[in-house]
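The values are calculated or read from the model by the stated rules, or taken from the named source; none is laboratory data. Owing to the predicted nature of the structure, the values given are computational and were not obtained by experimental measurement. Reconstructed Cβ throughout: ideal geometry from the backbone, glycine too, with neighbour counts over all protein chains shown. Quick note on the areas: whole protein, heavy atoms, side chains included, nothing else; ligands and nucleic acids left out. Shrake-Rupley method; radii C 1.70, N 1.55, O 1.52, S 1.80 Å.
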Amino acid sequence: MSTTGESVLSNGVAAMDLHADSITPDSEIQQTPPAAQTPASPAAEEVVEGLSTEEPKVVPMSTQSLATTLAPADKLWSTSRDKAVKLRMEGSGPGSETPVTIHQMFLETVEKSADQTALIFKQDGQPASLTWREYYEKCRAAAKSFLKLGLERFHGVGILGFNSPEWFISDIGCIFAGGLAAGIYTTNSPEACQYVAANCEANILVVENQKQLDKILQVKDQLPHLKAIVQYKGELQQKTSFLYSWEEFMKLGEDVPDEQLNAMIDSQRANECCTLIYTSGTTGNPKGVMLSQDNVTWTARTSSSLISKNYGQEILISYLPLSHVAAQMIDIWISMSFAGTTYFAEPDALKGSLVNTLRDARPTCFLGVPRVWEKMQERMRDVGAKASPLRKRVADWAKSIGLQYNYSAMEGENWVPWGFMLANNLVFKKVRGVLGLDRCRYCFTGAAPITRETLEYFLSLNIPVKELYGMSESSGPHTVSIDEYRIGSCGKVIPGSKIKLEKPDEEGNGEVCFWGRNVFMGYLNMPDKTEEALDKDGWLHSGDLGKFDKDNFLYITGRIKELIITAGGENIPPVPIEDAVKSELPIISNAMLIGDKLKFLSMLLTLKCVMDDNGEPTNELSPEALDFCRQHGVNATQVSEITANKEPAIYNAIQEGIGRVNARSTSNAQKIQKFVVLERDFSVVGGELGPTLKLRRPIVVKMYQEKINEIYSGEKQ
Ligand SMILES: Nc1ncnc2c1ncn2[C@@H]1O[C@H](COP(=O)(O)OP(=O)(O)OP(=O)(O)O)[C@@H](O)[C@H]1O
């Protein structure tokens, strides 16, 4: 299984020699100069003309033949916005599929499913929808308006807002018009928005509402490429020459000829950049991950063929931030690939309304980041705690049966314990119904590590939550658990891609490296960072540690990119220690290990509290924290009551919990010597957590530098 001492897996099966040239038979695909220099084909004009709403149901053939051509390219990577790359194509089988552009993928869906519902949303409080044909036409209209506003080839359109049809239409319209679509996190500060908009040389920014607009107006003068701003929700509160409402924007391009847009679409090549995903900064400054059209379409098609059993009938919910690759890939691209129907959640989804959307939509496939599953678990536990003793006993009995059954199914034994049917009828079906997951075939988690405890909780309710693993740089998923899965494993590599573990240790843990058509082009304008991520043969180094089991299931065992290296030279992975502290101490919300280049380890802790409607942590202790306090004879209801006087009973309990974790550590260097309880919990709004709720360690260190200095100067604690 190895070439140079590294374990190499190709879709979990074959070993192969790793020479970029030997596995990139792009030469077999005709690489011609982009068609921008050639007039649009007559066929192209026919298509568009045939796509008005009055036209017959079947959409005419696509503007380009499916055997598309690629732009000339001699490298697997690029950091220039306008430079094409070689594709990592296989000679045959998965990975050898003909590359297509986003427009081609979209047209194919419209041809097959023109009148099927693509998007379901609320408009002025009323339910509304768009068919695939209407959605396509809106994207064309938006593209014409972008052209009219002066969007230049390979320049950015920054999109800043909560999930909505306008977000999708702006994204796709930008790509049709030859721009680079770039999502911007709604939680970004004005400066962070400016960074992204300037980095992608955005000509146009599409913002959700006045709140987001205000941020852009603060930094507008530092955006030399910006020509217009479009606001897609709410009344415009000011009238300026560069600001458009969504309705105004969609009409702007009405006089742009179809031929002009078709020529732009026809000039696009699958190996050119179309989208930028900005990393959220958990490991440093955001980087613009350049994704090619093929990255997007190949990954979407490969993933959808794994997930979807019923073309045109899958149902999804769009609620996770679309500037993150996982949400974007599933909600926009995978859904397009299998002609699914996407419901839009309300902006307060993560504050509680998600469950209503879940019950309305009853999705067939649902992705939650770990925190979403944890929150559901916490809520169900809270409700369960208030149930009568009899109900509690029934639920506990059913859960033990659910766990046995699912472990047995996971191992392929399919042993059905006695009472399973009864438990299913009394408990499991009801829980699924209440959660809106009654017809959900695949519940997924991804984007960050999830605890075994949460996975087992759902498993015990007969809701197996399957893990996906990947990164922005792999266009989203690189390994998936679909029908076959193992608890704690991220599954197996997607067909047509490969994984190798570099420099495995004696237990088989090595750096997870990716290969495949989902591997990104490079970081925009960052050759050094690109070289760090892509080695000379074109393998993407994830910075994650992983190992395989005997059945080739991948387990992520650590993050090299967040390894703590103490002053004594000891390498310490923080997450297992942080997780151990959190599970010892139910009052703790977040724990962050400190110790990089320092003499010993310490920990920043936060207490569980109630979040307000804006997702900001309040001073009120959460019900779980209150319980913990009561168990330790403390009547406090507020975080500050505990931290102000270092409430002895609670601090002692924390000290003891940490002591228990330390007692299990493998060396003295791994022991937590000191801790500080912070006055405020971490949050996305506060900036300590990224959008997928991973800790933004460098930012937390900056925010709490003074406290950290105090720990190490020995002045306090
Ligand atoms: N299922 C999973 N289990 C454990 N870790 C995961 C899983 N999925 C993703 N990750 C982690 O998330 C990383 C990818 O993060 P992503 O590309 O989404 O970046 P980000 O959160 O936007 O920001 P940054 O690059 O700044 O961390 C992976 O390298 C891995 O560390």
For residue 343, enumerate residues with amide H under 5 Å from its amide H, sequence gap 5+ or separate chain, H modeled in the peptide plane.
120, 316, 317, 318
Based on the mean of other Cβ atoms within 10 Å per residue, sort peptides 307-314, 408-415 so the most packed one is first.
307-314, 408-415
Which percent, to the nearest 5, of DSSP beta bridges fully inside the chain are antiparallel?
60
Net charge near residue 261, counting Lys/Arg +1 and Asp/Glu -1 over other residues with Cβ under 9 Å of its Cβ?
0
Please work out the C-alpha center-to-center distance from region 501-517 to region 650-690 and express it in whole Å.
30
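Taking K and R as +1 and D and E as -1, what net charge do the other residues with C-beta under 12 Å from the C-beta of residue 287 add up to?
On the way: positive: 529; negative: 473, 528, 532.
Neighbour charge sum, excluding residue 287 itself: -2.
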Scan region 466-522 for chymotrypsin sites (Phe, Trp or Tyr not before Pro) in coil per DSSP, keeping those whose Cβ has at most 12 other Cβ atoms within 10 Å, and list them by number.
none
So who's got an amide H within less than 5 Å of the one on residue 603, skipping anything under 5 residues away but keeping other chains? H placed 1.01 Å off N, in plane.
594, 674, 675, 676
Considering only the other residues whose Cβ falls under 13 Å of the Cβ of residue 624, what net charge follows from Lys and Arg at +1 and Asp and Glu at -1?
0
Whole-Å semi-axes of region 564-714's equivalent ellipsoid (Cα gyration tensor):
24, 19, 14
With equal scatterers on the alpha carbons only and no solvent term, can you work out the Debye log10 of I(q)/I(0) for region 332-371 at 0.20, 0.31 1/Å?
-0.68, -1.16
For the chain, accessible area per residue (1.4 Å probe, heavy atoms of protein chains only), Å²:
41
Find the centroid of the Cα atoms in region 524-587 and in region 226-256, then give the distance between the two in whole Å.
44
Distance (nanometres) between label positions extended 7 Å along Cα→Cβ at residue 80 and residue 311
4.0
When the Karplus curve 6.51 cos²θ - 1.76 cosθ + 1.60 is applied with θ = phi - 60°, which whole-Hz ³J(HN,Hα) does each residue of region 347-358 get, with x for Gly and Pro?
x, 8, 3, 7, 8, x, 7, 4, 5, 5, 5, 4
Take peptides 124-136, 592-604 and line them up by average Cβ neighbours within 10 Å, highest first, as a rough protection proxy.
592-604, 124-136
Region 264-352 - Rg and Dmax from Cα coordinates, angstrom
14.7, 45
I'd like the chymotrypsin sites (Phe, Trp or Tyr not before Pro) in region 184-291 restricted to DSSP loop residues with at most 14 other Cβ atoms within 10 Å, sorted by number.
242
For the pair residue 248/residue 482, report the inter-label distance in nm, with labels modelled 7 Å from Cα in the Cβ direction.
4.8
For region 105-143 and region 381-407, write down the distance between their C-alpha centroids in whole Å.
43
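Report, to the nearest whole %, how much of the accessible area of the chain belongs to carbon and sulfur atoms, 1.4 Å probe, protein only. Show your work: numbers first, answer last.
Details: 15050 of 29300 Å².
Result for the chain: 51 percent of the exposed heavy-atom area is carbon or sulfur.
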Do the sum for the chain: with -39,500 (n - 2.57) for every DSSP H run of n ≥ 4, divided by all residues, what is the mean residue ellipticity at 222 nm, to the nearest 500 deg cm²/dmol?
-9500 deg cm²/dmol
So for each of 93-101, 292-300 I average, over its residues, the number of other beta carbons within 10 Å; can you give me the resulting order with the highest mean first?
292-300, 93-101
A correct Karplus calculation of ³J(HN,Hα) over region 178-188, with 6.51 cos²θ - 1.76 cosθ + 1.60, θ = phi - 60°, whole Hz and x for Gly and Pro, returns x, x, 10, 6, 9, x, 10, 4, 5, 8, 4
Which whole-Hz ³J(HN,Hα) couplings does region 636-650 yield from phi under the Karplus relation 6.51 cos²θ - 1.76 cosθ + 1.60, θ = phi - 60°, glycine and proline marked x?
4, 10, 10, 4, 5, 5, 7, 7, 4, 10, 6, 2, x, 4, 6
Among 145, 195, 105, the residue whose Cα sits farthest towards the positive end of the charge dipole of region 94-293, when +1 is placed on the Cβ of each Lys and Arg and -1 on the Cβ of each Asp and Glu, is 195
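Using the Kirkwood radius built from alpha carbon pairs, what does the Stokes-Einstein equation give as D for region 486-645 at 25 °C and 0.890 mPa s, in µm² per second? Mind showing how you got there, number by number?
Numbers: Rh = 19.2 Å.
Rounded to a whole number, D works out at 128 µm²/s.
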Placed amide H near residue 638: partners under 5 Å, 5+ positions off or other chain
621
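In whole angstrom, how long is each semi-axis of the equivalent ellipsoid of region 310-353, when you take the square root of 5 times every eigenvalue of its Cα gyration tensor and sort them from largest down? Numbers along the way, then the final one.
On the way: eigenvalues 80, 32, 6 Å².
Largest first, region 310-353 gives 20, 13, 6 Å.
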Would you report the distance distribution of C-alpha pairs in region 203-264 as whole percents per 10 angstrom bin, up to the bin with the largest distance?
20, 47, 24, 9
Let's test the formula: R0 of 25 Å, r as the Cβ-Cβ distance of residue 705 and residue 641. What FRET efficiency results, to the nearest 0.05?
0.45
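For the chain, would you read off the P(r) tail past 47 Å as a percentage of all alpha carbon pairs? Please list the in-between numbers first.
Working: 46856 of 256686 pairs.
Value for the chain: 18 percent of Cα pairs lie more than 47 Å apart.
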